[in-house]
Structures are given as C-alpha cells and as structure tokens.
1. Over all residues in B:118-124, what is the mean tally of Cβ atoms on other chains that come within 10 Å of each residue's Cβ?
2. How big is the protein assembly as shown by Rg and Dmax over its Cα atoms, in Å?
3. Give the angle, between 0 and 90 degrees and rounded to the nearest 10, that separates the Cα long axis of helix A:143-169 from the longest principal axis of the Cα atoms of chain A.
4. What's the angle, to the nearest 10 degrees (0 to 90), between helix A:112-123's Cα axis and the longest principal axis of chain A?
5. About the Cα centre of the protein assembly as shown, what is the dipole size in debye to 20, counting +1 per Lys and Arg Cβ and -1 per Asp and Glu Cβ, all else neutral?
6. Taking the range B:57-154, which GluC sites (Glu not before Pro) meet the DSSP loop condition and have no more than 11 other C-beta atoms within 10 Å?
7. With the contact rule set at Cα under 8 Å and sequence spacing of 6 or more, what percent relative contact order holds for chain B?
8. So, in nm, how far is label residue A:176 from label residue A:38 when the simple model puts each one 7 Å beyond its Cα toward the Cβ?
Amino acid sequence: MIFLQHIGKRTLFLIEEMGAMFVFLIRTFGWLFRPPVRIAQIIKQMHFVGFKSSFVVILTALFTGMVLALQGYYSLRKFGSEGLLGSAVAISMIRELGPVLASLMVTARAGSAMTAEIGIMRITEQIDALETMAINSLQYLITPKVVASLLSVPLLVAMFDVVGIWGGYLVGVKLLGVSGGSYWSSIESAVEWKDVYGGILKSVSFGLIISWVCCYKGYYTRMSAEGLGKATTESVVLAAVLILVWDYFLTSVLM
Amino acid sequence: MVIKLDGVEKTLGGQAVLKGVTLDIPKGKITTIIGPSGEGKSVMLKHIIGLIRPDRGRVIIDGTDLTQINEQELNDIRKKFAMLFQSAALFDSMNVFDNVAFPLREKRIMAEQEICRWVPEMLERVGLDKMGHKFPAELSGGMKKRAGLARALVMGPEIILFDEPTTGLDPLMAHAIHDLILAMHKTFGFTGIMVSHEIPEIFPISDWVAMLKNGQIIAMSPSDEFQQTSNPVVREFISVNNGLHLAQA
C-alpha cells in the first residue's frame, strides 16, 4: 500500500512539474513579444551562450569528425567504398551528431550556468527585488536567455558541422590516404537541402529546450545551497534527455 | 489608511503561516511588526507588495484589492513601493552605482546625465559617497544595507518595506541603520513598514508597533503605548528581547 502511495505521489508530482514547466514556457513566450526589447541583454547572453561555448564546440567537433572518419574508413574499406567517406561523415554530422553533440555541450557549459545564475538570484532575493521594482523577472532575466539560445545554438551547430567535416578530412584524406577530390565530391552529391534544413530545425528546437529547462530549474530552485546544486544537476540531465528524446521524434518526422 | 490587510490567510508547505491577519497601516508613519522567528512576518510583508498572494483574505493598497487585479495592474501598484530586503538583494553583477541607478534606467524616468547627478547624491545621503564603483561582494553587511536603502529611496516611493534591515549587523551598525531610516523618513516622508527583532531599538524610530504571533496580529498601538502594554504575551516578548539586548551590549 505504501509502495502504491509512493508511486501515486511521484506521478502527481511529475504531472504537476510538467504543468508548471509548460506554464513557465507559455508565460515566457508571452513576455517575449512585449516591449522593451532588451537588445543589450540579448547580445550579452549570445556572447555567453554562443561565443564562449565556441571553443569547446570546436574541440568536440574536431575529434568527433576525426573518429567518425577513422571508424567509417575501416567499415567502408571492407566494401571498397572509401570514396564515400566524405558523405558518411557529412551526413552523420549535419543530420545527427552536429545538432545533438553541440547542444549537449551547450547544455553542460551554458545551461548549467544559467540554472546556477538564476538560482542564486532567487536564493538571494534578487528576483524578488526585480518584481518589487515593477520589472517582470521573466522578461528581464529569462527572455534574453531564450532568444540568445534560439540564435546561438544553430550557429554553434553550423560551426560543429563544418569543423567536424574538416576533422574527417584530416584523418580520411591526410592520414589514411582517401582522395581529397572524392571526399568533397561525395559530400556535394550526397548532402541535400533537407539534411541542412533538418539540422537547423533540430538545433533551434534544442536551443529552446536548453534555455527553457535550465531557466525553469533555476527560477524555481529550492532556497538552499543543496537545492541549487540539485537544480543544476537536474537541469543538465533533463535537458540532455529531452534533447535525445526530441531528436528521435523530430528525426522520425523529417525522414 | 493606505494599507489594509483583512483576514489574510496563507499556508506554505502544508503549514498554516498566516491565520487571518488583519492590520491597518497608517499613512506617512513607520509601523514595525515584531514577533518570534518563523511566525510569518516576512511572508506578511511579501503579501503587502504582491510577491505572495493570500489563500484567503484581502490586501488593500489605496483602495485597490491586490487579490483582484492582474499582473499589469499589480506592477502599477508596485510603482508606489520599494523594499529593503534582509540580504539587501543587490544585483551582484552590477556595482553600487549601477544598482542604485537600475530602477531609474529601467523606468526611463531620468536622462543619463541626471542619473549621474542624482545617484551620487543619494549615495552620499546614505553614507556611501565615492563607493559607487564597488561591487556588492566588496561591501560589508552595513554598506550593503545602505546601498539597498539608497536603491529603495531613489525612485521616491510612497511606501517602503523593510525586511529585518539590521539582521546580521553588530549593535553599533544596527543603530546607525535605524538612525539612517529615521533620517530618511523625515526627509522623504514615506510610509514605512518594518519587520524587526531589534527590541528596544525599534521603539524610538517607530510610530506604531504591532506584534504577530500564531499567525495573527495580537496587539497594535503607538510605540510608547506598546512599551507599556498590559498584554502578558507582548510584555514577555519585550522583556525577553530586552534581556537579550542587554546581554549582547
């Protein structure tokens, strides 16, 4: 009986939490289109989410492209199809690995920081202070982060794709001796506009997931250091899981 | 009356914190709410500025019931208010000058040149002249409270809420902050509502004193009458806190 009660309590909590998250998202969107547009705040957040994440994204992309080429080369060589290495790397990058891995890196680097920053502002009553000044905290704090993520994540993903393909080129062409011409020409013939379009769509939606989940967890953090630590962990885990789940559904629709 | 709480009830985390608080705050005076820790004094203060909505009862500000208005209307009411938080709640990403200038810039009621004149003047009034470049992390507890007070005063609010403004300060600094609040009240004439434990320090600076116990206001009277009250619960609370104050001194 106690076990059933526990399951019921947990289920109710999850339903309540999901409802609160959707209300948070809708309220944030409600404030997104109301003046004043905080350009300076958006640029500051783009610098934080986008520019400051670029190094880790480039590094991850380079090695992902390199290992993909390495794995792909030995698999394709069995069938005598090394010439298709470029298309294998590029399609994997553009369709899946670019959007997913870049978003996971942004979640780990910028998303966790968003939760911590907003959570500390909640604990130290800075959010209450904003409200007492008749400044809506969602509009001032959350909407610039959402806009910045929506704009920055696709740019980071594009960077990830390009660097990853060059990483594949380094290993495939320079190290393993695949023809450079066939590497690039296979990319040109295999990659279609819908692959690029799908990658952009994924990256925009992942940007929304990161900012939504991480801001929500910070905004409603419990009023203690332990609560903030828990909120930060939960935000990264939940955002990462949602990215992977949403990626599956989006891929099944786009295929 | 400018502020009226009428039968305000609030339950937080399954625990009834306010159990029918009824209170009238007189205009242009400093009213201090005292009471044991954890009785919901700060929660009551947050009801007055609409940060928390009551489960039951009404919070009326200048004739408007906060429980019956939308977010936009609430923001309009909040323009009459300022609040000095227990932790001062300064924005840690901004220096003191920008913290004080923040509401002026956000509300766009002054040109930047005027802000550059007005903010240093306000900082000087609270004893923080030439400290505008410092960040909150570089300030002592007393300085943070002063900066918070400057930010609260900068918009010329009609009502200021003080949430335990001297918590964590040594007795001398607490005395200095109380003197500053009194001086600013004489200069600006705002309606002040203060939550405090500082007995007997609060009596000379308060016009009215009320006591919150068991989720209700059990006594309220002018400061000098309050000290002579015959209510045994209030008398005990005052004498215990007087004893603590003497022990600290």
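Just so you know, all these numbers are worked out from the coordinates, no wet-lab data involved. Being a predicted model, the structure only gives us computed values, none of them experimental. FYI the Cβ positions are ideal-geometry reconstructions off the backbone, even for glycines, and counts take in every protein chain you see.
1. Details: counts 0, 0, 0, 0, 0, 0, 0.
Average per residue, whole number: 0.
2. 28.9, 100
3. 20
4. Roughly 10 degrees, rounded to the nearest 10.
5. Numbers: 46 positive and 45 negative charges, 165 e Å.
The calculated dipole for the protein assembly as shown is roughly 800 debye.
6. Numbers: sites: B:71, B:73, B:106, B:112, B:114, B:121, B:124, B:138; in loops: none.
Sparse-neighbourhood loop GluC sites (Glu not before Pro): none present.
7. Numbers: 433 pairs, mean separation 63.6, N = 249.
Contact order relative to length: 26 percent.
8. Calculated label separation equals 4.8 nm.
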